[in-house]
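Report on the structure given below.
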Ligand SMILES: Nc1ncnc2c1ncn2[C@@H]1O[C@H](COP(=O)(O)OP(=O)(O)OP(=O)(O)O)[C@@H](O)[C@H]1O
Ligand SMILES: [Mg+2]
C-alpha cells in the first residue's frame with residue numbers, strides 16, 4: 001500500500017528538456033525528500049507524479065498500477081502546496097471535505113475523518129472560519145489537513161514550509177514528522193532547506209539539472225557523497241574544494257568539510273590569514289585565506305576568538321577528506 | 001493610502017484637479033437633465049439656468065411617455081444590453097481561461113487573432129453583417145443586435161480577462177484538480193470569483209457603447225417592435241422642427257438604467273482598478 005516506481009520519466013517543455021530520465025523506487029511508508037538547486041526540476045517531477053503534468057515518456061507506477069493515464073483525483077494521492085492553495089470561498093471544514101464530497105463519500109464518514117484530522121492538527125477551533133481569517137501557519141495546517149482526510153496512498157509536499165517564518169517552520173516540521181510516524185504513509189517532500197531534508201528524510205534524492213545525482217539516507221549522503229555536486233550540496237556551511245594540483249595531489253579536487261578541519265596558532269598543514277569570523281554561539285565559522293588552499297571555511301564548535309588578519313594553521317582530518325576525479329566522481 | 005506620503009498642499013492640489021475634471025465631465029449631463037425639466041421658452045431663453053417656478057415644465061416627460069412606445073424601447077435596450085453583456089462575459093471569460101490555462105499548439109496565435117478585433121472596428125463589416133442577417137432572416141430582431149454586440153465586445157474582454165486569469169494561482173487550480181473538480185467547476189467556482197473585479201471592469205467598458213449605440217439598431221433593427229431608446233429618441237429630431245423638450249427628457253431617462261448598472265458594478269470596479277496598487 002503506497003509504493004511508487006518511476007521508470008525513465010522524461011519531461012520536455014518544447015525544446016527544453018527539464019527531466020532527463022528519472023528512475024526512482026519508493027517503498028511503502030518511506031519519507032523521501034527531493035533536494036536540488038532552484039530550477040532543477042523538483043516541482044516538475046512532483047507534478048508528474050501527481051498527474052498535473054504529463055510526462056513526455058516513461059512510466060509512473062503507484063501501488064503496482066501504471067497511473068500514467070489516470071487523472072490526478074484518481075491516483076490516490078494528496079498534495080500540499082507552497083502557497084497553501086486553500087479555496088478562498090469555503091470554510092476550513094469544507095476545504096478539507098471537498099475532495100471526499102467530490103468522490104461521493106457519505107457525509108458521516110467525511111465528518112469522522114475531518115474530526116480526526118482536525119484534532120491531530122489542532123484545527124478544531126477554526127473549522128467554521130474561512131482561509132482569509134487564518135494565520136499563515138494555520139492555513140498550512142489546513143492544507144495538510146485537507147491532504148490527511150483523503151487518506152491517500154501517497155502524500156506529496158511541494159516546499160510546504162517555505163512561506164512560514166523560522167519559528168513556525170520548526171513547529172510545522174515537527175508536526176509533519178509526527179504525522180508521518182502516526183499515519184505510516186508514504187510521503188514525498190520537496191525542499192530547498194538542508195535541515196528539513198536531513199531531519200525528515202528516510203531517503204534523500206539529490207537532483208541536478210533534471211538528473212538524479214545520488215539517492216541515499218541523510219548520513220549516507222553526508223558521509224559518502226558520490227560526487228562533487230552532492231558533496232557540495234549536502235552539509236552547511238558548504239564543503240571546501242581545493243585544487244588537487246596546488247596541494248601536490250593526484251586527484252583533480254580535494255574536498256573537506258568545514259567541521260573536519262582543526263585550527264592551531266602555531267603549526268598545521270595549511271597556513272592562512274583570518275578574513276572574517278562569524279560567531280553563532282554554539283559554533284564559530286572562520287574564513288581563512290590560505291597560501292596553499294585558497295579561501296576556506298572552518299567550523300569550530302564552541303566559541304573561538306580570532307581577529308581578522310591573525311595567522312592560523314588549518315589541518316584537515318585525513319580520514320574525512322574526499323578526493324574527486326576530473327569527472328567530479330569520488331575516487332575510492 | 002498612508003498619511004505619511006501626502007502633504008496638505010499636495011492633497012489640495014490633487015483634489016482641485018479632480019474636482020475640475022468632475023465639473024467638466026458632469027457639465028453636459030447636468031445641463032441635459034436641468035433643461036429636461038424646463039419649458040421650450042425656458043430652454044432657449046436661458047439654457048444654462050436651472051429651472052425656476054416660471055420655466056419649470058414636465059412637457060418633455062409627458063410627451064416621451066405619451067408618444068411612441070418608450071417603455072417598450074427601454075425594454076428593448078435593456079434586453080439587448082444585458083443579454084450581450086452576459087454573453088460577452090461568459091464567452092470572454094471562457095476563452096480567456098482556455099488561453100491562459102492550457103498549453104496547446106497555436107495558443108498565442110489564437111490569442112492574437114481574438115484580440116485583433118480591438119483594432120478593427122466592427123462597423124467596417126456593416127454591409128456583410130447586414131447581408132448575413134438578411135439571409136438568416138434575423139433583420140428586425142433583437143437577436144441580431146445581441147449577436148453583433150457580443151462579437152463587438154469579445155476581443156477586449158478576452159484580452160483583459162486573460163491577463164487577469166494568468167495571475168490566478170496555479171496551485172489553487174491544481175489543488176482543485178487533485179480534489180477531483182472538473183475543469184468547469186474550477187473555472188466557475190475557483191477562478192471566476194477571483195477575477196470578479198476585472199469582470200466588472202470589462203462589464204462597464206462593454207455595456208456603455210452597447211447602450212449608446214445608434215448605428216446597428218438603425219441598420220439591423222429599425223422596426224417599431226425592436227427600436228432601442230437611442231433610436232427611439234430620433235423620433236423627436238425632425239428636419240425642420242426638433243422637439244427639444246422630448247429629446248432632453250428621453251436622454252435623461254436613458255441615463256438612468258446605465259447608471260443603475262454602473263452602481264451595481266462600481267463597487268467591484270473600484271476594487272479592480274486599485275487591486276494592483278494595494279497588494
Ligand atoms: N510550464 C512550463 N513551461 C516551460 N518551462 C517550464 C514550465 N514549468 C517549469 N519550467 C522549467 O522547468 C525547469 C524546472 O522547473 P521546476 O519548477 O521543476 O524547478 P524546481 O526545481 O521546482 O525549482 P524551485 O526550487 O525554484 O521551485 C525550470 O527551468 C523551469 O523554467
Ligand atoms: Mg519548485
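Consider a paramagnetic label point 7 Å from the Cα of residue A:20 along Cα→Cβ; state which residues of region A:180-208 have an amide N under 17 Å from it. Hits in region A:180-208 for residue A:20 at 17 Å: A:206-208.
Calculated on the alpha-carbon coordinates, the convex hull of region B:91-155 measures out at 99 cubic angstrom per residue. Can you compute the label reach from residue B:183? Point 7 Å from Cα along the Cβ direction, backbone N cut-off under 18 Å, restricted to region A:31-62. Inside the label zone: A:51-55. Above 23 Å, the calculated P(r) of region B:141-245 contains 51 percent of its Cα-Cα pairs. A simple spin-label model places pseudo-atoms 7 Å from Cα toward Cβ; at residue A:94 and residue A:202 they are separated by 3.8 nm.
Centroid-to-centroid, using Cα positions, region A:37-105 and region B:209-264 are 55 Å apart. Can you give me the distance in nm between label points at residue B:126 and residue A:273, each placed 7 Å from the Cα along the Cα-to-Cβ direction? Each label point lies 7 Å from its Cα, and together they span 8.5 nm. Averaging over all projection directions, the Cα-based convex hull of region A:65-144 occupies 6.1 nm² in the image plane. Taking only the C-alpha atoms of region B:69-274, the Rg (one decimal) and the largest Cα-Cα distance, Dmax (whole number), read 19.5, 71 Å.
Taking the protein assembly as shown on its own, what percent of its Cα-Cα pair distances exceed 46 Å?
Details: 81055 of 186355 pairs.
When all Cα pairs of the protein assembly as shown are counted, 43 percent exceed 46 Å.
What is the Cα convex hull volume of region A:173-212 when expressed per residue in Å³? Kindly include the intermediate steps, with their values, before the conclusion.
Values: hull volume 2.8 nm³, N = 40.
Per residue, the Cα convex hull of region A:173-212 comes to 71 Å³.
Note on region B:41-69 and region B:169-186: Cα centroid distance 59 Å, given to the nearest whole angstrom.
Summed over qualifying helices (DSSP H, 4 residues or more, each -39500 (n - 2.57)) and divided by its residue number, chain B shows a 222 nm mean residue ellipticity of -22500 deg cm²/dmol. Take the alpha-carbon centre of region A:288-324, take the same for region A:227-241, and report the distance between them in whole Å. Cα centres, region A:288-324 to region A:227-241: 16 Å.
When the convex hull of the C-alpha atoms of region A:1-145 is computed, what volume per residue in Å³ does it have? Please report the intermediate quantities before stating the final value.
On the way: hull volume 20.6 nm³, N = 145.
In region A:1-145, the Cα convex hull volume per residue is 142 Å³.
Of all the options A:120, A:96, A:79, the one that moves most in a Gaussian network model of chain A with Cα springs shorter than 10 angstrom is A:120. Measuring max minus min along each principal axis, the C-alpha atoms of region B:3-57 give extents of 54, 18, 14 Å (largest first). Taking only the C-alpha atoms of chain A, Rg followed by Dmax gives 23.5, 76 Å. Quick check on region A:218-284: take the gyration tensor over C-alpha atoms, sort the square-rooted eigenvalues as a ≥ b ≥ c, and tell me if it's rounded (a/c under 1.5), prolate or oblate. In terms of gyration-tensor shape, oblate. Between B:231, B:181, B:253, the residue with the greatest mean-square fluctuation in the GNM of chain B (Cα pairs under 10 Å linked by springs) is B:181.
Could you tell me the ratio Rg/Rh of region A:102-258? Both radii from Cα atoms, Rh via Kirkwood.
Answer for region A:102-258: 1.12.
Eigenvalues of the alpha-carbon gyration tensor of region A:50-100, scaled by 5 and square-rooted, set the equivalent ellipsoid semi-axes at 27, 13, 8 angstrom, largest first. The shape of region A:237-324 can be summarised by an equivalent ellipsoid whose semi-axes, obtained from the alpha carbon gyration tensor, come to 21, 14, 10 Å from longest to shortest.
Among A:47, A:299, A:112, determine the one that fluctuates most according to a GNM of chain A built with springs between C-alpha atoms less than 10 Å apart. Checking each option, the largest mean-square fluctuation is seen for A:112.
If you take each beta carbon of peptide A:46-54 and count the beta carbons of other chains within 10 angstrom, what is the mean? Kindly include the intermediate steps, with their values, before the conclusion.
Values: counts 0, 2, 0, 0, 3, 3, 7, 1, 0.
Other-chain Cβ atoms within 10 Å of each residue's Cβ, averaged: 2.
Calculated translational diffusion coefficient of region A:157-250 (10 °C, 1.306 mPa s; Stokes-Einstein with Kirkwood radius over alpha-carbon pairs) equals 106 µm²/s.
If you stretched the chain out fully between residue B:255 and residue B:69, how much longer would it get, using 0.36 nm times the residue separation minus the C-alpha to C-alpha distance?
On the way: separation 186, 0.36 × 186 = 66.96 nm, distance 1.76 nm.
Answer, rounded to one decimal: 65.2 nm.
Which FRET efficiency value, to the nearest 0.05, is calculated for residue B:78 and residue B:215 with the Förster distance at 22 angstrom and r the Cβ-Cβ distance? That gives a FRET efficiency of 0.70.
Any read-out appearing in this document is the output of simple, stated calculations on the displayed coordinates, not a laboratory observation. Just so we're clear, the structure is a prediction, and the values are computed from it rather than from any experiment. Please note: Cβ atoms are built from the backbone with ideal geometry, for glycine as well, and neighbour counts cover all protein chains shown.
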